[in-house]
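The values are calculated or read from the model by the stated rules, or taken from the named source; none is laboratory data. A quick note: this is a predicted structure, and the numbers were derived from the prediction, not measured. No Cβ is skipped: glycine too gets one built from the backbone with ideal geometry, and neighbour counts run over all protein chains shown.
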Amino acid sequence: MEDYKGGVGNRWVPVGLGDSQLKIELEKVRMKKVLIGVAVILVVVGGVVGYGILNADSLIKEAVEKYGSEATKSQVTLNAVELSIKDGTAKLKGFR
């Protein structure tokens, strides 16, 4: 059984490790934390983008009705918005 000594943070390393080996171990821990942080950021960004894509029709409808009414100083309504990201088209139905 090896003896252990305290490392940086809560990381324990074997007593026999030299300074260069200790630096390598600590760098591995640091890199793991960075990779976990990047993964969390990617998941959050992916979730926001996915939400925007899945709800783009209703988000556009609400924005057109709100800002259109403010810009024209009259009631602007839409029955529906059909957005096709694949084709790059948008249809505004029932625009009044």
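Report every pair of residues separated by at least 6 positions or lying on different chains whose Cβ atoms are under 6 Å apart, first residue within segment 68-79 and more than 16 Å from residue 91 (Cα to Cα), second loosely packed, with under 10 Cβ neighbours inside 10 Å.
Listed pairs, sorted by first residue: 69/75.
I'd like to verify a number: residues in segment 80-96 that are in contact (Cβ under 8 Å) with a residue 12 or more places away in the chain and part of a loop (DSSP other than H, G, I, E, B), how many?
Within segment 80-96, residues that are in contact (Cβ under 8 Å) with a residue 12 or more places away in the chain and part of a loop (DSSP other than H, G, I, E, B) number 4.
Kindly provide the set of residues from segment 59-96 that are under 26 Å from residue 48 (Cα atoms) and charged (D, E, K, R), ordered by number.
Residues satisfying the conditions are 61, 62, 65, 66, 82, 86, 87, 91.
Need pairs with beta-carbon distance below 9 Å; first residue surrounded by 10 or more Cβ atoms within 10 Å (Cβ to Cβ) and within segment 31-55, second assigned to a helix (DSSP H, G or I); sequence gap 6+ or separate chains.
That search, which allows pairs on different chains as well, returns 52/59.
Does segment 67-78 hold any residues that are β-branched (Val, Ile, Thr) and surrounded by 10 or more Cβ atoms within 10 Å (Cβ to Cβ), and which are they?
Within segment 67-78, 76, 77 meet the criteria.
Assess whether residue 81 counts as being out of contact with any helix residue (DSSP H, G or I) (no Cβ under 6 Å at 6 or more places or on another chain), surrounded by 10 or more Cβ atoms within 10 Å (Cβ to Cβ), at pLDDT 85 or above and hydrophobic (A, V, I, L, M, F, W, C).
So residue 81 does not fit the description; no.
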